[in-house]
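The values are calculated or read from the model by the stated rules, or taken from the named source; none is laboratory data. Please read all numbers here as calculations on a predicted model, not as lab measurements. We place every Cβ from the backbone using ideal geometry, glycine too, and count neighbours over all the protein chains shown. Remember, those area values only see protein heavy atoms, side chains included, never the ligands or the DNA or RNA. Shrake-Rupley method; radii C 1.70, N 1.55, O 1.52, S 1.80 Å.
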Amino acid sequence: MIYQKVELYYESKRGIEKIAEEYSEMSSFQQAFLCGVIKENKPEKIVEIGVSAGGTTALIINCLDKLDIDAQMYSVDFEKKWYRNERFETGFVAKQIMEDRGGRFLLGHSIPFYLDQIGGNIDLLILDTTHVLPGELLDFIVCLPYLKDGCIVVVHDIVENHLTCKDGEIATKVLFDIVKTDDKYFMKEENANVAEFANIAAFKVSKETRKGIRDYISALTISWGYLLDEKEKQKYEEVIWNSYGKEYRKLFNKIECLQRNTYLQKQISDHFGKKIEYLKLQWENNKNVLLYGAGYYANIYYQWGELNHLMIKGMVISDDQKKIINKKIELPIYFLSELPYEPSECAIIIAIDQKYQNLVLRNLISAGYYNIL
């Protein structure tokens, strides 16, 4: 047998069938798998990362009650509002159930903000968030020092990329495949997909698991689907430093820098319409490079230029626009009519929405500026 199996526990949703069916983003099989893990391992401290409406939270608590398991329950989500309908709070269908049991919703930040509050000896961790990297892989890395030996980690949506045809939805599968442990749980789910691969799996944390931290962090070099904002990045970095040391912190920072560059470069490549190498060469060969625009695309070009040590002398806007200072971008903003450079002295990158580019190009040429990158 390649993988171990879990005895499915379908009784767990009895009494909350409507909530489980309408608001848990797990199939009936997946719910039974998760609750089978709970029945078999009888956890004392549970952390769920990824709450949504709270359907799975309610299922877990109902399962604990049916099995008479007195476990601490923490449910963490980056969003305070339900991502499907912002009129509702994250976890709204499980709010009363959670309060009655003494569990806690921790909302508004990612998991590293709450780890010290939750504390150690976690023996069941459920990862079900973005499914794109860094996602669940990064969350597991920072949670690992807080997990008890023998902790069961349940990972949802491990074949999601095949169901949605979105190639990036691989975070939980990457984690499941690279994690070092002899105990991995993966089963057949009838009618789930053409090969009947279950969209849920689990593994048990062991001493061997902790030895794999180098490879877990290295796997973060696989392309990310989103970037961390500065506060989130600093908090993940802080936990990695405190848990694994300065060398791993340094590696994480290098990976984050690489991912940021790639993410920005993809956007610029789509926007620019020519090979990125051409833009970089032209940028390097011109002394005074200006960005036409001061909004979203200008910010993208600015960040990418900084990462690649490409100089920018300022931003240019039309004379009929307002100068709005962006505190994150320390560049002068010029009206076209007040540019301090002669047309022969500068080059301009048109960093605005593509539907306005032809109009701006005509205006620049009319003003004598022909060196458009």
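Amide H contacts of Lys45 (H built 1.01 Å from N, in plane; Pro and chain starts excluded): Gln72, Asp123, Leu124 sit under 5 Å, all sequence-distant by 5 or more or on other chains.
Run the accessible area of the chain with a 1.4 Å probe and give the carbon-and-sulfur part as a rounded percent.
Working: 9060 of 19010 Å².
Answer for the chain is 48 percent, counting heavy atoms of protein chains only.
A cysteine counts as unpartnered when no other cysteine's C-beta lies under 4.7 Å of its own; in the chain this applies to Cys143, Cys151, Cys165, Cys257, Cys346. Sorting Met1, Met187 on solvent-accessible area from highest to lowest, probe radius 1.4 Å, gives Met1, Met187.
Here are some pairs, Lys42/Lys66; Lys39/Lys66; Lys235/Lys266; Lys45/Lys204; which of them have Cα atoms lying more than 18 Å apart in this structure?
Values: Lys42/Lys66 12 Å; Lys39/Lys66 10 Å; Lys235/Lys266 26 Å; Lys45/Lys204 15 Å.
Over 18 Å apart, Cα to Cα: Lys235/Lys266.
Ignoring lysines fewer than eight residues from Lys231 along the same chain, the ones with Cα atoms less than 22 angstrom from its Cα are Lys80, Lys81, Lys246, Lys250, Lys254, Lys327, Lys328. Pick out, from His131, Ala294, Thr209, the residue whose Cα sits farthest towards the positive end of the charge dipole of the chain, with +1 on the Cβ of Lys and Arg and -1 on the Cβ of Asp and Glu. Value computed over the given set: Ala294.
Size descriptors for the range 79-220 (Cα atoms only): Rg and Dmax, in that order, 16.0, 45 Å. Subtracting the Cα-Cα distance of Glu230 and Asn253 from their residue separation scaled by 0.36 nm leaves 7.1 nm.
Label separation (Phe88 vs Lys211): 4.6 nm, computed from points 7 Å beyond Cα along the C-beta direction.
Spatial offset of the range 204-260 relative to the range 1-27 amounts to 32 Å, using the alpha carbon center of each.
How much space per residue, in cubic angstrom, does the convex hull of the C-alpha atoms of the range 166-241 take up?
Hull volume normalised by residue count: 120 Å³.
Relative intensity of the chain on a log10 scale, I(q)/I(0) at q = 0.11, 0.13, 0.14 Å⁻¹, equals -0.82, -1.00, -1.10, per a Debye sum over C-alpha point scatterers of equal strength in the absence of solvent. Fully extending the segment from Glu238 to Asn308, taken as 0.36 nm per residue of separation minus the present Cα-Cα distance, adds 22.6 nm.
Hey, if we sort His156, His309, His109 by accessible area with the 1.4 Å probe, largest down, what's the order?
Working: His156 0, His309 160, His109 70 Å².
Order by accessible area, largest first: His309, His109, His156.
Let me check something: with ligands and nucleic acids excluded, how do Ile324, Ile255 order by accessible area (1.4 Å probe), largest to smallest? Write down the numbers at each step before the final one.
Numbers: Ile324 125, Ile255 5 Å².
Greatest to least solvent exposure: Ile324, Ile255.
Based on the Cβ-Cβ distance from Lys18 to Glu196, what FRET efficiency comes out when R0 is 30 Å, to the nearest 0.05? Present the calculation step by step, with values, prior to reporting the outcome.
Details: r = 27 Å, r/R0 = 0.91.
The computed FRET efficiency comes out at 0.65.
Applying the criteria of a DSSP loop state and at most 16 other Cβ atoms within 10 Å to the trypsin sites (Lys or Arg not before Pro) of the range 1-102 yields Lys5, Arg14, Lys80, Arg84, Arg87.
Counting each DSSP H run of 4 or more residues in the chain as -39500 (n - 2.57), what helix-only mean residue ellipticity at 222 nm follows after dividing by all residues, to the nearest 500 deg cm²/dmol? Could the numbers behind the result be given before it?
Details: 15 runs with 150 residues, N = 373.
Mean residue ellipticity at 222 nm (helix-derived): -12000 deg cm²/dmol.
For the range 291-367 versus the range 39-87, the inter-centroid distance based on Cα atoms is 49 Å. Note on the range 1-134: Rg/Rh from Cα positions, Kirkwood definition for Rh, rounded to two decimals, is 0.95.
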